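Worksheet: the structure to be examined is printed underneath.
The values are calculated or read from the model by the stated rules, or taken from the named source; none is laboratory data. Predicted, not measured: the structure shown is a model, and the values here were computed from it. Cβ coordinates were reconstructed from backbone atoms using ideal geometry, including for glycine residues, and neighbour counts include every protein chain displayed.
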Amino acid sequence: MALSMKTAPRKLWRTLSSIKTGVILIILCVIFSAAGTVILQRPMIDPDDMQRAYSPAMLRFLDVTGLTDVFHARWFVALLVLVSLCIIAASVERFPNAWRYFARPYKSPDDIFRRALPTQAQIRIDDEEQGLSAAERALKHVGFHSERIVRTDSFSLFSERHRISEMAVYIVHASLLLIFLGGIVDALYGWRGFLMLTPGTSSNQIEIKTGTTKTIPFSIRCDGTGEETYADGSPKKWWSKLAVVENGREVSRKEIVVNDPLSYHGVRFYQSSFGQTGKLDKLTLDVTPIDEKTGKAQEIALSLNQPVPLDSDTTVELTEFIPDFVVQDGHIYARSNDVVNPAVHMIVTSKKANKAVNVWLPEIQGFAENAASPYIFQPKDLKTGLFTGLQVSHEPGQWSVWAGVVLMAIGLTFVFYVSHVRLWVVPVIDARGHSMLWVGGTANRNRDAFEQKFKDVVAQIQKDLKSKSAEAAEEPKAAAIRG
């Protein structure tokens, strides 16, 4: 029993530090993150749109499992924590050996190492110093800095480049930990919501989800909103002029468009939607009297519940605006808030006759009394209220995420494009008793390019040795001529 108690933590540690475990968990993170971008997420998506997109049973399933708010689900946070623990365990398990390899490079290869090295060559030399000097010059010629290794019974050369490449995997590990840390912080302390404003209004209440709001310590005021369209009428750009109001005074102002948010105290306001509120702002009419003796033709502007005089005896008041009307079962209903089939209800009142006439535009049979009106009304212009929809987010872990992304780019650059190259040059005696210069090398990646570089080094050493031999042969001849 005691033995099993001791082996259980060891098995758990082995499982956590296993590369296989880490890869599986990272794949799960990627799958669920992709699901969070495909499945509609609350609260950014309108509840009505969610209900139209999914069946009731499917929507209940997605809500219960947290798939409609993946990045704030507790199980997703637990998955991120578990992946982070696996990365830490794998790093702790392997880092000591990697650090010894990095901090104490193997500079003086023994006979067993030399025989086992795949990439090697031997060059005939007359003496050790000549060979080592030629190798130093050759290495310098191809861009390698060499170091003389002096032992009690031997001399050799060691050269390397980009040793940091051996630690690149731990740079990637650190970047993943930063990214996951940012995700965990955002899931626990961050939030996302929605804010709808009309021009001239302000609010500090952010709708987090249906029926739940969050109060922020400042207000956002909308000073204007609109859209730009292409020639065919399709939307080109939505924009909103926003101002930050804190403690009763304006502290910041910006015109935002899609992907260019307003940021203040860690809270970002993105342009998310734009549209018409379905409420009337102003209605402009051309008014013509039926009897020219009672009045004159004129242009008037109406707003809801604000009577406008037409003459000394008659007034008109706009009492109802329906953006998309439909007549059903003897009643007039609003089918939607989209201004696609508008209708207005006006009451024309005559003081002398003490009479009120219901005027509808367009004239709706069974409801309109347009024929009894002393004036004919012709619509000229219609302006409705606009709204801007703002996606609001507070993500305190984003600095960690972006730092992780930058660090990962650095780490992956070293992993894929920077090779740790090592070269050794050792004077040896072959089986026949000849002095030879053993040259060997290795690279942790991109072996084809390294082998070509190795051949260049060997060729340069041979060229240098031939050059020095030729110079040595010329010296006796020159001395004989002088003599």
K380 passes all but one of the listed conditions (1) more than 16 Å from V172 (Cβ to Cβ); (2) crowded, with 17+ Cβ neighbours inside 10 Å; (3) at pLDDT 90 or above; the exception is number (2)
For D49, the lone unmet condition from (1) under 18 Å from R192 (Cβ atoms); (2) modelled with pLDDT under 90; (3) assigned to a helix (DSSP H, G or I); (4) in contact with a helix residue (DSSP H, G or I) (Cβ under 9 Å, 6 or more places away or on another chain) is (4)
Is at least one residue of region 309-321 among the hydroxyl-bearing types (S, T, Y), more than 54 Å from the chain's Cα centre (by Cα) and surrounded by fewer than 17 Cβ atoms within 10 Å (Cβ to Cβ)? yes
Given the conditions (1) surrounded by 18 or more Cβ atoms within 10 Å (Cβ to Cβ); (2) in contact (Cβ under 8 Å) with a residue 24 or more places away in the chain; (3) part of a helix (DSSP H, G or I), every one holds for E136 apart from (2)
Which members of region 189-239 meet the condition of being among the charged types (D, E, K, R), surrounded by 17 or more Cβ atoms within 10 Å (Cβ to Cβ) and over 21 Å from K279 (Cβ atoms)? R192
Quick one: would you say G366 is at pLDDT below 90 and either among the basic types (K, R) or over 30 Å from R42 (Cβ atoms) (or both)? yes
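Quick one: which residue in T225, T229 is of a type in the set (S, T, N, Q) and within 23 Å of R192 (Cα to Cα)? If you could, list the steps in order and put the result at the bottom.
Values: T229 fails: within 23 Å of R192 (Cα to Cα).
After ruling out the rest, the residue left standing is T225.
Looking only at region 55-94, how many residues end up being in a loop (DSSP other than H, G, I, E, B) and surrounded by fewer than 17 Cβ atoms within 10 Å (Cβ to Cβ)?
Total meeting the criteria: 2.
When you go through S336, S272 one by one, which is the residue that is small (G, A, S) and either surrounded by 14 or more Cβ atoms within 10 Å (Cβ to Cβ) or in contact (Cβ under 8 Å) with a residue 60 or more places away in the chain (or both)? It would help to see each step written out before you state the result.
On the way: S336 fails: either surrounded by 14 or more Cβ atoms within 10 Å (Cβ to Cβ) or in contact (Cβ under 8 Å) with a residue 60 or more places away in the chain (or both).
The conditions single out S272.
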Restricting the first residue to region 106-120 and requiring it to be closer than 12 Å to V428 by Cβ, which pairs with a second residue that is part of a helix (DSSP H, G or I) meet a Cβ separation below 8 Å and a spacing of at least six or different chains? Q120/R114
Could you check region 258-308 for strands (runs of 3 or more DSSP E) lying wholly inside it with 1 or more residues that are under 30 Å from W360 (Cβ atoms)? 267-289, 298-302
In the set F102, F144, F158, the lone residue that is among the aromatic types (F, W, Y) and farther than 21 Å from Q452 by Cα is F102
Among W360, W424, W399, which is of a type in the set (F, W, Y), in contact (Cβ under 8 Å) with a residue 24 or more places away in the chain and either closer than 30 Å to V327 by Cα or in the same structural domain as A138 (by TED's automatic domain parsing) (or both)? W424
Top-ranked residue of region 35-72 - restricted to ones that are under 19 Å from the mean Cα position of the chain (by Cα) and small (G, A, S), ranked as nearest to I179 (Cα to Cα): G36
